[in-house]
Each structure stands twice: as structure tokens, then as C-alpha cells.
Amino acid sequence: MDYRFSDRMSTMRGSAIREIFKFAADPEVISLAGGNPAPELFPNEELADIAAELLRNQPVLSLQYGVTEGYTPLREAVKARLKRVEHIDNADDEVIIVSGGQQGIELSAKALVNEGDTVIVEEPSFIGALNAFRSYNAHLAGVKMDEDGMNIASLEKTVAENKNAKLIYTIPTFQNPMGTTMSLEKRKAVYEIARKNNLIIIEDNPYGDLTFDGTKVPTIKSMDVDGRVIYCGSFSKILAPGLRIGFVCANQAIVQKIVVGKQISDVHTAMLPQLLAYEYMTRFDLDAAIVKMRANYAHKCRTMLDAIARDFPADVTCTRPNGGLFIWCDLGHGVDTQALAATCAANKVVYVPGSTFMVDMDKPSSALRLNYSTMSDERIGEGIRRLGAIFSEVVR
């Protein structure tokens, strides 16, 4: 059979990170590749009790169809938390519950991006978002990154060179893959550039609660006075990723289009996970749980950075995050970390090559992303030792 696939799928590839997970299934492999939260932090006992109670006492609500916008009490709880924690409170905004933060990005692209439109992205950036934009045949224009977020001169130049630009996509807080945070000054500048050029911003913030020291830079959405910021959030990193509960907060006109797009995609987010998320937020102290997560990840991040300082070649550069799940390293010396990944996998340690996060995934990159959230201290140390031995040999 000669299958004739759609044009939009002709350039799509499976996620390189998901392919790496196949190696990680080997218990001997130390995976520093994923973006998973620490499983020891899952509130499994609490969720088990809630699920049993829901299925026993509210089976119809739990198992029947729901409305596309999401379970109303959960939506209201999300709105209240956004107002309290992120100072997001615009009367013209609405919230829709989606199936993970990834769907929020994809539905935003579905609602706004025409074939050939330019989407301006940080480079490097989250592969899931890049693929969402690619799936609608958008042109991706990358903006160079500094330690404190997008390079503003590069952003202005990119906007000027792409008159058909429609969106700016950014992860300003503990960016994936770099772990960096955009400064307040740059957030204001990005918003002003978007305002002057009639661009919409997608602000993706799945890691914002995971600040090690508790300090937060105001979200771009909190500055939004004209409805041009689409804010995508998620419970994946602060509750459990398997629930697939995310949300979008945006001007109600945008949300209405996202609702229609979601009806086509999956009708609505599964009811039982929505109820689990709502009941957990109602019965337990989510903020206290997040404080424990911050301490856990801060410790693991320090453990990995100490191991890197000990075992990596001295001239390897690494970001030093103040939150989130990732460290970005650059080996330099013209090393292709995509080609090197197979050698590392053979030595039972895996990472994500930097090319995965680039606009041009075929261009060699000397960078790589490391994750510290899922491994124990011992396995972090051993994984970095194995990588350091290989990197030192290659650099030498």
C-alpha cells in the first residue's frame, strides 16, 4: 500500500526525547534526559483516597461527558490561584482546562496560525511547542538567548525581518531547555515589542512555581492590558503529569476559538483527573507541597552542579538555574552532542542533544540538556561521572 500522508506530516518527526525514553527503560541506564517531576513527590495516597470516594459517591460526574471549557469549580479555583499567586486578574480573560500544557500551546496555534505565518521563538526552545507550530506549517524564526532571557536586539531584528509574524512564544521562567529566567526589564520589553507590532505572546509557564528561593519575577500576563498574552499553565509539575491537566488563560475571544478547536481534538479533558485536581486543591495545601518540591529540586540541582564542576572539562559552560528542572551545558570545541549521544547511551547514561531544541534540528549543536529531578543523588553523581569521562576524552 502506498500511503499518501498529509503535507503537514511530511516534515514532522517523533520527539527525540520520547525516543531517548526507550533507552531509559533499561534499569541500568541513568537518564538525565527527561523532564519528569520527582515521583517521590506525587501525592499518590491522597489521590487514591479521593479517587475511591469520587468513583463510589459521584460516579456519573466522574465518568460521564463534561463541558469543553472544563469542570467549572476547577476553572474557578485556577482563576483564584492565578489572581493570588501570579496577579493575573483581567475581567476580559477566561480560563479553559486542557489536556496538559502541551495541548494549550497546540490549540493556541490552531486558533491563530495560518500556513506560512511566522512564529518567533526562543532558540533553543521547548520541542513540543516547536512541533506544534510546525504541524500548522508555520515558519519558525529563532531569537538568540542571553542568561536573562531573549536578546532584545535580536528579537527586534527578527520582528523587523518577518512582517508576517503572528506570535512570540516564550518560556520566561526557568526556561526549557536552558533553565534561565527572563529579567523583569526584558519581560516589559518583550511585551512592548509585541504591542508595537500587533503580535500575540504565548507565555508558557509550567515551571514558575518551582523557584528554589521562593522569589518570583512577575509574569508577562500580569502586565497584559490589551488581551495579547495567552498564558499556558499546568498541574504536571506541581501535582502529577499523568493527570494531564493544564489550563489556558486568555482573552475570552481567544478562548472561545480554543474551545471550538478542543471540541474537534478531544471534546473535553477527562473528568476524573479534573475532579482529582480540584478536590486535591480544596482538601490539601498545594502551596505547602510546592515548598517541599522546591527544596527537593534545589538540593538535586546543587548536587548536579557540584558533580559537573568536579567531573566535566573545565571549559564546559553550564547555566545555574534558580528553579525548574533543567541545566543547559555547552561543550564547545565543535562537538556534535547528537552524534555523541549514542556513545553515552552505550555507557548507560542519556541526555537530550541541543539540536533537538533548535529551529533547524539538522544543524549540529555542541549543547545538551540535563535533568536533575528524577534521579537520586547517587545516580546523578554517577551519571555526571560517566558523561564527564566521555566528554573529557572527546574534548581532548
Check the range 93-109 and report whether any residue there is part of a loop (DSSP other than H, G, I, E, B), of a type outside the set (Phe, Trp, Tyr), under 18 Å from Phe247 (Cα atoms) and open to solvent by less than 10 Å² (accessible area, probe 1.4 Å).
-> yes
Restricting the search to the range 100-133, which residues are more than 11 Å from Leu167 (Cβ to Cβ) and in contact with a His (Cβ under 9 Å, 6 or more places away or on another chain)?
-> Gly116
Pull up the range 176-212, narrow it to residues that are surrounded by 24 or more Cβ atoms within 10 Å (Cβ to Cβ) and among the polar types (S, T, N, Q), then point me to the one that is farthest from Thr356 (Cα to Cα).
-> Thr181
Quick one: which helices (runs of 4 or more DSSP H) sit completely within the range 11-85 and have at least 1 residues that are at pLDDT below 95 and open to solvent by 90 Å² or more (accessible area, probe 1.4 Å)?
-> 16-24
Looking at (1) modelled with pLDDT of 95 or more; (2) surrounded by fewer than 17 Cβ atoms within 10 Å (Cβ to Cβ); (3) over 30 Å from Asp49 (Cα atoms), can you tell me which one Gly332 breaks?
-> (1)
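With open to solvent by less than 40 Å² (accessible area, probe 1.4 Å) and either part of a loop (DSSP other than H, G, I, E, B) or farther than 29 Å from Cys329 by Cα (or both) as the only criterion, which of Leu239, Leu272 stands out?
Only one candidate passes the filter, namely Leu239.
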Would you pick out the residues in the range 357-373 that are over 18 Å from Thr317 (Cβ atoms) and either free of Cβ contacts under 8 Å to residues at least 12 places away in the same chain or open to solvent by 10 Å² or more (accessible area, probe 1.4 Å) (or both)?
-> Val359, Asp360, Met361, Asp362, Lys363
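Each row is one residue, and each column tells you yes or no for (1) among the charged types (D, E, K, R); (2) under 19 Å from the mean Cα position of the chain (by Cα).
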position	(1), (2)
Ile200	no, yes
Asp213	yes, no
Lys221	yes, yes
Lys262	yes, no
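Here's the yes/no breakdown for (1) out of contact with any strand residue (DSSP E or B) (no Cβ under 6 Å at 6 or more places or on another chain); (2) surrounded by fewer than 24 Cβ atoms within 10 Å (Cβ to Cβ); (3) among the β-branched types (Val, Ile, Thr); (4) part of a loop (DSSP other than H, G, I, E, B):
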{"site": "Val121", "(1), (2), (3), (4)": "no, no, yes, no"}
{"site": "Ser125", "(1), (2), (3), (4)": "yes, no, no, yes"}
{"site": "Gly142", "(1), (2), (3), (4)": "no, yes, no, no"}
{"site": "Ser154", "(1), (2), (3), (4)": "no, yes, no, no"}
{"site": "Phe174", "(1), (2), (3), (4)": "no, no, no, yes"}
Residues being outside any helix (DSSP H, G or I), open to solvent by less than 10 Å² (accessible area, probe 1.4 Å) and closer than 16 Å to Ser392 by Cα - total across the range 299-329 | 1
Checked Asp377, Asp266, Asp287 against criteria (open to solvent by 10 Å² or more (accessible area, probe 1.4 Å) and farther than 30 Å from Arg75 by Cα); the one match is Asp377
Among Gly66, Gly104, Gly70, which is touching a residue at least 12 places away in the same chain (Cβ under 8 Å) and over 26 Å from Lys221 (Cα atoms)?
-> Gly66
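The values are calculated or read from the model by the stated rules, or taken from the named source; none is laboratory data. Quick caveat: nothing in here was measured; it's all calculated off a predicted structure. Quick reminder, even Gly has a Cβ in these numbers, built from the backbone with ideal geometry, and neighbours come from all protein chains shown. Remember, those area values only see protein heavy atoms, side chains included, never the ligands or the DNA or RNA. Shrake-Rupley method; radii C 1.70, N 1.55, O 1.52, S 1.80 Å.
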